[in-house]
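Only one structure is covered here, and it is reproduced in the block below.
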Amino acid sequence: MSAFKRDKKEEEDGGGLPFQNIEKSAVLQEARIFNEASVNPRKSTAVLTKLLYMLNQGERLSPKEATDVFFAMTKLFQSRDLVLRRLVYMGIKELSTMAEDVIIVTSSLTKDMTGKEDMYRAGAIRALCSITEAGMLPSIERYMKQAIVDRSPAVSSAALISAMHMTWFAAEGVKRWVNEAQEAVLSDNIMVQYHALGLLYRIRRADRLAVSKLVARLTRLSLKSPYAVCMLIRIAAQLIEEEGADSGSPHFQYIEACFRHKSEMVVYEAARAVVNLERTTSRELAQAVSVLQLFCGAPKATLRFAAVRTLNQVAIAHPAAVTACNLDLENLITDSNRSIATLAITTLLKTGAESSVDRLMKQIATFVSEISDEFKVVVVQAIRALALKFPRKHSSLMNFLSAMLRDEGGLEYKASIADTIITIIEDNPEAKETGLAHLCEFIEDCEHTSLAVRILNLLGKEGPRTKQPSRYIRFIYNRVLLECPSIRAAAVSAMAQFGASCPDLLPNIQVLLARCQMDSDDEVRDRATYYSHILARQDTSLYNRYILDTLQVSIAGLERALREYLDGEGARPFDMLAVPVAPPPQAAELDAKPRAALAKPPPTREDNFAERLSALPELQALGPLFSSSEPVELTESETEYVVRCVKHSYARHLVLQFDCLNTLNDQLLEDVRVQVEPGEGYSVAAVLPCPSLPYNESGSAYVVLQFPEDLPSSVATFGALLKFVVKDCDPATGLPDVEEGYNDEYMLEDLEVTLGDQIRKLGKANWGAAWEEAEGLFSEMEDTYALTSMTSLEEAVTNIVKFLGLLPAERSDKVPKGKTTHTLLLAGVFRGGVDVLVRAKLALADGVTMQLTVRSQDEGVAELITSAVG
Amino acid sequence: MGLFQRLANFLGVRKKDVNVLVVGLNNSGKTTVVNSFKSEDDRITDIVPTVGFNVERFQNQNLAFTAFDMSGHGRYRDLWEHYYKNCHGIIFVIDSSDRLRLVVVKEELDLMLQHPDICQKKLPILFFANKMDCKEALSSVKIAAALGLDKIMDKPWHISASNALSGEGLQEGVEWLTQQIREMLSVKS
């Protein structure tokens, strides 16, 4: 009664939700009425509702609490109240993951699901499946099979969906219900048919042949349910992709036939499937697009939206086909539904001609403030595509973007705009100055720290190379005065870059840095002091090394190396070269996942390898790991033993790591080792076998080789032989049958040690300066080659980069279109810490002619590189 | 409470709700016993091992019984105790042909009688020495001796030989239980 009074009082206080202030302990207390000898359905219903509400609000019960309330709830089975019983089913489902011994209600639920009361049955099935574990499946199998083919659609659907959920943990058991599911596919009820198809597909999903048969059978049946047909279209489309089938395949013909289906949903699904297929001919595409075109003029907003959204998504892949709809899309620009209008305009932007860009931009500007961030991002992406397509339009696009930057918006939206501007700047040198100006303006009033830091970093990199670097200093220094410590620190770094690159600005920068040394934040002060000291030396090589080139080690690796250093006595000074290098992320990767830049970078492969190798005592004497190659397959992938090799180079040694996998379930391999036939000059220092290799497990064997003294012979080919002791064993237990095994061996493919294995990539922000600096100090080799097999400059560039294992600097790996000459600039480190700089001048004639100039600290290395290319 | 119900209560003709717990080892015939209490129409034809419990209702002489038919499987016997509270009587079914497991029966029975929810109360316990038609079945007297029923002093108990398939002996037992529960309720009120 008191609870009732309190409720009433709260109602007077301003009403609100009836369950607003419920407390866990109070509800659990009230739940004791479930235990009473005769159940009061009215009260119990109210309490159970409260309990369910509470659980759905995210309240967690301890296992004890959950079990107690669960068992109290089971006593409600004695009531025949319809509402209460169905609430009990829901309660069981909610508590099934928290309480113990939930299995107790199995019999009660099976009784309900087979009983006469139809209202109970569907709910009982769902609750039963939520409490059933894989081991209990056989005990309910009979009932489930009956329920799947039940004449009541609600019961049948409930059983099918529950079975689908159970495939996650008991796929094998559910497979036995295939016959019933196949019967249910023939049901007259549209939902049952759809759910049955879903279950059949889920059961067979792993087996492509079975899926293919399923589709073939069902396409002949003409399903009644539009939902099922849509699903069938999706499955068929996936099959076409996987099999690489062409338009002649029966699956494709089925999809095509669906264009004439009476349900709009099916027609749309078929059209969507066709335009999304990777290989479609223009004829089929035209058919699908014409369907979408028809929908563009449909009276239903959902149809218009679906059509225009699909067109928008495929506009880049099939511009010609989408252009055919331009007229319809033009009409949609003024659609009262803003989402449709936005998609229409952005589609037009993607496909449109250069002349229409200005008009469309104006149109967009009228309502850009009315659409949600999500659609604004779509607009920004369209603009990015546009800017890459029509570089000459950059000024109007840039103006538009800057206007958008000034509007309110979330981080994701702002970041996508900044990304777009940065892409435009990088792609189009003409747009650089205006782009930077817009970004400068943006950081004046930017609430997102991460974005501001990124832009300051960009200004530091790009600003010094503009015509008038001094104008950016003011913007950057303003940040030092106004912003939070992390932005101030970024601004200090950016200023230092100006100081290092523009000698005439140096005195001014020094004054500004001196002011920053009074900053209240440690990091800002440290940076300012550091940079001001380096700049005071007036030594360009110091500038290059400590200001312009960023630290290229992997952060996790550095952390580990530093920790090891602190743990040791510190007898030796810390060696920076010992830290594994993380190559700067490539532009393509950044495009693919722009978010990744903000997330914590995962540990690199090198870090993992370094950790694994340093665990082996034999390898510790070799010094720090220099670089690791990509794994090379030494066997076919389907053979008895699968062996892959990773080549690790150290300063003087080469470690070959053989990852072996035993795929024979009746064999246990012991003492697995690889015998290599080393090339001339190499000598085997140690062989570390893998002691035991059971079925389906992989282990690693190592071979340590010493690099030859004379460098040219370090590029060599090794023969390799896998040797091991075989013990036959029982496939079931994996235990060997016999004590004594017998020796066996297995031929592996030859292993090549290339130049790239011995080189690690190194980014040089200011390659030109490094090159000039190296002129006197380094030895230089030059040679000219005719690369007859290459047909384009891009191909040549990609191959050279891959072969040498060096990192292209100053974006010289991007070949501008239409040029016949190109200069590729590369940088890296040879094992032992020898710097290598390579300049490759390429000219396209018949094939590609290359003049290769190598500068290196070591004459031998330079010679090796020139000779390796030939 | 409606006027009619109050009147009926006063006259003592209203049916009283009582809960009984049906326990015993697996395969002793609990579900079959409960099934034969139900009216002809409600009976189920095929009886499978119970997983967890079933709730069944039947009537006897103005008492509406709600029977919690518990699973006797070894894995689920621990769960009986959740239902000891608020029950008015216990029906303990024993397979009288299963001599081997009679010690297990005794163990489970002692465990139940020692449970705090049971030992305090004066609950009537009805034993069915089921499957009396089997050849090797022990007589009810022998079972009572084997289980040491004579040592139960604080609770009324009764043992009757039964055959749940034919219904023989069941009625006699349940009439005793009804009598006992009625007495218990009248003492309380």
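The values are calculated or read from the model by the stated rules, or taken from the named source; none is laboratory data. Just so it is clear, the structure is predicted and the values come from calculations on it, not from any experiment. Cβ atoms come from the backbone with ideal geometry, glycine included; neighbour counts cover every protein chain shown. For accessibility, only protein heavy atoms count, side chains too; no ligands or nucleic acids. Shrake-Rupley method; radii C 1.70, N 1.55, O 1.52, S 1.80 Å.
I need every pair where a residue in the range A:677-695 that is over 15 Å from A:Gln667 (Cβ atoms) and hydrophobic (A, V, I, L, M, F, W, C) has its Cβ under 6 Å from the Cβ of a residue that is part of a strand (DSSP E or B) and open to solvent by less than 50 Å² (accessible area, probe 1.4 Å), sequence separation at least 6 or different chains.
A:Val684/A:Leu705; A:Ala685/A:Val704; A:Ala686/A:Val704; A:Val687/A:Val703; A:Leu688/A:Tyr702
Within the range A:644-655, is there a residue that is among the hydrophobic types (A, V, I, L, M, F, W, C), part of a strand (DSSP E or B), open to solvent by 20 Å² or more (accessible area, probe 1.4 Å) and closer than 26 Å to A:Val726 by Cβ?
Keep residues of the range A:644-655 that are among the hydrophobic types (A, V, I, L, M, F, W, C), which gives A:645-646, A:651, A:654-655.
Narrowing the set further to residues that are part of a strand (DSSP E or B) leaves A:645-646, A:654-655.
Next, only the ones that are open to solvent by 20 Å² or more (accessible area, probe 1.4 Å) stay: none.
Scanning the range A:644-655 turns up no residue that is among the hydrophobic types (A, V, I, L, M, F, W, C), part of a strand (DSSP E or B), open to solvent by 20 Å² or more (accessible area, probe 1.4 Å) and closer than 26 Å to A:Val726 by Cβ.
Might you check whether a residue that is open to solvent by less than 70 Å² (accessible area, probe 1.4 Å) and either within 9 Å of chain A (Cβ to nearest Cβ) or at pLDDT 85 or above (or both) occurs anywhere in the range B:9-18?
yes
Starting from residues that are modelled with pLDDT of 75 or more and in contact with a Ser or Thr (Cβ under 7 Å, 6 or more places away or on another chain), keep the ones in the range A:504-556 and report whichever is nearest to A:Ile473 (Cα to Cα).
Among those residues, the one meeting the criterion is A:Leu505.
List every residue pair whose Cβ atoms sit under 7 Å apart, with the two residues 6 or more apart in sequence or on different chains, where the first one lies in the range B:141-161 and is farther than 21 Å from B:Glu175 by Cα and the second, anywhere, is basic (Lys, Arg) and outside any helix (DSSP H, G or I).
No pair meets every condition.
Only residues in the range B:99-126 that are more than 21 Å from B:Val141 (Cα to Cα) count as the first member; pair them with residues that are in a loop (DSSP other than H, G, I, E, B) and open to solvent by 40 Å² or more (accessible area, probe 1.4 Å), Cβ under 8 angstrom, at least 6 apart or cross-chain, and list the lot.
B:Asp117/B:Lys85; B:Cys119/B:Asp154; B:Lys122/B:Asp154
Output the residues belonging to the range A:809-857 that are open to solvent by less than 40 Å² (accessible area, probe 1.4 Å), assigned to a strand (DSSP E or B) and of a type in the set (S, T, N, Q).
If the condition is that a residue be open to solvent by less than 40 Å² (accessible area, probe 1.4 Å), assigned to a strand (DSSP E or B) and of a type in the set (S, T, N, Q), then A:Thr853, A:Ser856 are the ones that fit.
Would you check if there is a residue in the range B:111-120 being modelled with pLDDT under 90, in contact with a strand residue (DSSP E or B) (Cβ under 9 Å, 6 or more places away or on another chain), surrounded by 19 or more Cβ atoms within 10 Å (Cβ to Cβ) and under 30 Å from A:Met136 (Cβ atoms)?
Scanning the range B:111-120, I find at least one residue that is modelled with pLDDT under 90, in contact with a strand residue (DSSP E or B) (Cβ under 9 Å, 6 or more places away or on another chain), surrounded by 19 or more Cβ atoms within 10 Å (Cβ to Cβ) and under 30 Å from A:Met136 (Cβ atoms), so the answer is yes.
Given (1) in contact with a Ser or Thr (Cβ under 6 Å, 6 or more places away or on another chain); (2) within 14 Å of another protein chain (Cβ to nearest Cβ); (3) within 27 Å of B:Glu81 (Cα to Cα), identify the lone condition not met by A:Ile125.
Looking at each condition in turn, A:Ile125 falls short on (2).
Do we have A:Ser779 as more than 26 Å from A:Arg545 (Cα to Cα), in contact (Cβ under 8 Å) with a residue 24 or more places away in the chain and out of contact with any Lys or Arg (no Cβ under 7 Å at 6 or more places or on another chain) here? Even if it seems obvious, please write down each step before you answer.
On the way: more than 26 Å from A:Arg545 (Cα to Cα): no; in contact (Cβ under 8 Å) with a residue 24 or more places away in the chain: yes; out of contact with any Lys or Arg (no Cβ under 7 Å at 6 or more places or on another chain): yes.
No.
I'm trying to understand the selection: among the residues of the range A:186-216, which are part of a helix (DSSP H, G or I), more than 34 Å from the chain's Cα centre (by Cα) and modelled with pLDDT under 90? Give the derivation first.
Narrowing the range A:186-216 to residues part of a helix (DSSP H, G or I): A:190-204, A:208-216.
Going one step further and asking which of them are more than 34 Å from the chain's Cα centre (by Cα), we end up with A:190-193, A:216.
Once the filter is applied, which keeps residues that are part of a helix (DSSP H, G or I), more than 34 Å from the chain's Cα centre (by Cα) and modelled with pLDDT under 90, the range A:186-216 yields only A:Ala216.
Within the range B:175-188, is there a residue that is more than 24 Å from A:Glu36 (Cα to Cα) and small (Gly, Ala, Ser)? I'd like the intermediate steps shown before the answer.
Our first condition is that a residue be more than 24 Å from A:Glu36 (Cα to Cα); within the range B:175-188, this holds for B:175-176.
Cutting the leftovers down to small (Gly, Ala, Ser) gives us none.
Within the range B:175-188, none of the residues are more than 24 Å from A:Glu36 (Cα to Cα) and small (Gly, Ala, Ser).
Give me the pairs: first residue in the range B:77-92 and facing chain A (nearest Cβ under 7 Å), second residue surrounded by fewer than 21 Cβ atoms within 10 Å (Cβ to Cβ) and among the small types (Gly, Ala, Ser), beta-carbon distance under 7 Å, and six or more apart or on different chains, which are they?
Every condition considered, the pairs that remain are B:Asn86/A:Ala37.
Going through the range A:750-796 one residue at a time, which ones are acidic (Asp, Glu) and either surrounded by 14 or more Cβ atoms within 10 Å (Cβ to Cβ) or modelled with pLDDT of 80 or more (or both)? It would help to see each step written out before you state the result.
Pass one, the range A:750-796, residues acidic (Asp, Glu): A:750, A:752, A:757, A:772-773, A:775, A:780, A:782-783, A:794-795.
Once the filter is applied, which keeps residues that are acidic (Asp, Glu) and either surrounded by 14 or more Cβ atoms within 10 Å (Cβ to Cβ) or modelled with pLDDT of 80 or more (or both), the range A:750-796 yields A:Asp750, A:Glu752, A:Asp757, A:Glu773, A:Glu780, A:Glu782, A:Asp783, A:Glu794, A:Glu795.
Go through the range A:462-492 and give me each residue that's within 32 Å of the chain's Cα centre (by Cα) and surrounded by fewer than 20 Cβ atoms within 10 Å (Cβ to Cβ).
Within the range A:462-492, A:Cys484, A:Pro485, A:Ser486 meet the criteria.
Given A:Leu327, A:Leu386, A:Leu360, A:Leu348, which one is out of contact with any Cys (no Cβ under 7 Å at 6 or more places or on another chain), farther than 15 Å from A:Arg309 by Cα and modelled with pLDDT of 80 or more? Full working, then the answer.
Details: A:Leu386 fails: modelled with pLDDT of 80 or more; A:Leu360 fails: modelled with pLDDT of 80 or more; A:Leu348 fails: farther than 15 Å from A:Arg309 by Cα.
That would be A:Leu327, the only listed residue that is out of contact with any Cys (no Cβ under 7 Å at 6 or more places or on another chain), farther than 15 Å from A:Arg309 by Cα and modelled with pLDDT of 80 or more.
Among (1) modelled with pLDDT of 85 or more; (2) more than 17 Å from A:Ile364 (Cβ to Cβ); (3) open to solvent by less than 20 Å² (accessible area, probe 1.4 Å), where does A:Glu284 come up short?
For A:Glu284, the failing item is (1).
Starting from the range A:438-463, keep only residues that are of a type in the set (Lys, Arg), then list their pairs with residues that are surrounded by fewer than 16 Cβ atoms within 10 Å (Cβ to Cβ) whose Cβ atoms are within a distance under 8 Å, requiring at least 6 positions of separation or different chains.
Final answer for the pair search is A:Arg454/A:Ala597.
Since A:Pro507 meets every condition but one in (1) under 33 Å from the mean Cα position of the chain (by Cα); (2) of a type outside the set (S, T, N, Q); (3) surrounded by fewer than 16 Cβ atoms within 10 Å (Cβ to Cβ), which condition does it not meet?
Every listed condition holds for A:Pro507 apart from (1).
Looking only at the range A:132-156, filter to residues that are without any contact (Cβ under 8 Å) to a residue 24 or more places away in the chain and assigned to a helix (DSSP H, G or I); which one of those is farthest from the other protein chains (Cβ to nearest Cβ)? So that I can check it myself, show each step before the final result.
Going through the range A:132-156, the residues without any contact (Cβ under 8 Å) to a residue 24 or more places away in the chain turn out to be A:135, A:142, A:151.
With assigned to a helix (DSSP H, G or I) added as a condition, the list becomes A:135, A:142.
Working: A:Gly135: 11, A:Arg142: 9 Å.
Here the residue is A:Gly135.
If you go through the range B:43-76, how many residues are acidic (Asp, Glu) and either under 16 Å from the mean Cα position of the chain (by Cα) or at the interface with chain A (Cβ under 10 Å from one of its Cβ atoms) (or both)?
Within the range B:43-76, the first condition is being acidic (Asp, Glu), and the residues that meet it are B:46, B:56, B:69.
Retained after the next criterion (residues that are either under 16 Å from the mean Cα position of the chain (by Cα) or at the interface with chain A (Cβ under 10 Å from one of its Cβ atoms) (or both)): B:56, B:69.
Looking only at that region, the number is 2.
Select from the range A:311-361 the residues that are polar (S, T, N, Q), assigned to a helix (DSSP H, G or I) and under 15 Å from A:Ile371 (Cα atoms) and list them in ascending order.
If the condition is that a residue be polar (S, T, N, Q), assigned to a helix (DSSP H, G or I) and under 15 Å from A:Ile371 (Cα atoms), then A:Ser339, A:Thr342, A:Thr346 are the ones that fit.
For A:Glu810, only one of the following conditions fails: (1) among the charged types (D, E, K, R); (2) modelled with pLDDT under 75; (3) over 30 Å from A:Pro464 (Cα atoms). What is its number?
With (1) among the charged types (D, E, K, R); (2) modelled with pLDDT under 75; (3) over 30 Å from A:Pro464 (Cα atoms) applied to A:Glu810, the lone miss is (3).
Taking the range A:113-169 on its own, how many of its residues are among the polar types (S, T, N, Q), open to solvent by less than 50 Å² (accessible area, probe 1.4 Å) and farther than 19 Å from B:Asn54 by Cα?
Looking only at the range A:113-169, we keep the residues that are among the polar types (S, T, N, Q), and these are A:114, A:130, A:132, A:139, A:146, A:152, A:156-157, A:162, A:167.
Subsequent filtering for residues that are open to solvent by less than 50 Å² (accessible area, probe 1.4 Å) retains A:130, A:132, A:152, A:156-157, A:162, A:167.
Cutting the leftovers down to farther than 19 Å from B:Asn54 by Cα gives us A:152, A:156-157, A:162, A:167.
Adding up the residues that qualify gives 5.
In the range B:19-42, what residues are assigned to a helix (DSSP H, G or I), within 13 Å of another protein chain (Cβ to nearest Cβ) and within 20 Å of B:Leu102 (Cα to Cα)?
Step one: of the range B:19-42, the residues assigned to a helix (DSSP H, G or I) are B:30-37, B:40-42.
Filter once more, so that each one left must be within 13 Å of another protein chain (Cβ to nearest Cβ): B:30-31, B:34-35, B:41-42.
Residues satisfying the conditions are B:Lys30, B:Thr31.
Return the pairs, sorted by first residue and then second, in which the second residue is open to solvent by less than 30 Å² (accessible area, probe 1.4 Å) and among the aromatic types (Phe, Trp, Tyr), the first residue lies in the range A:713-732 and is under 30 Å from A:Thr754 (Cβ atoms), the beta carbons are less than 6 Å apart, and the residues are 6+ apart or on different chains.
A:Ser714/A:Phe707
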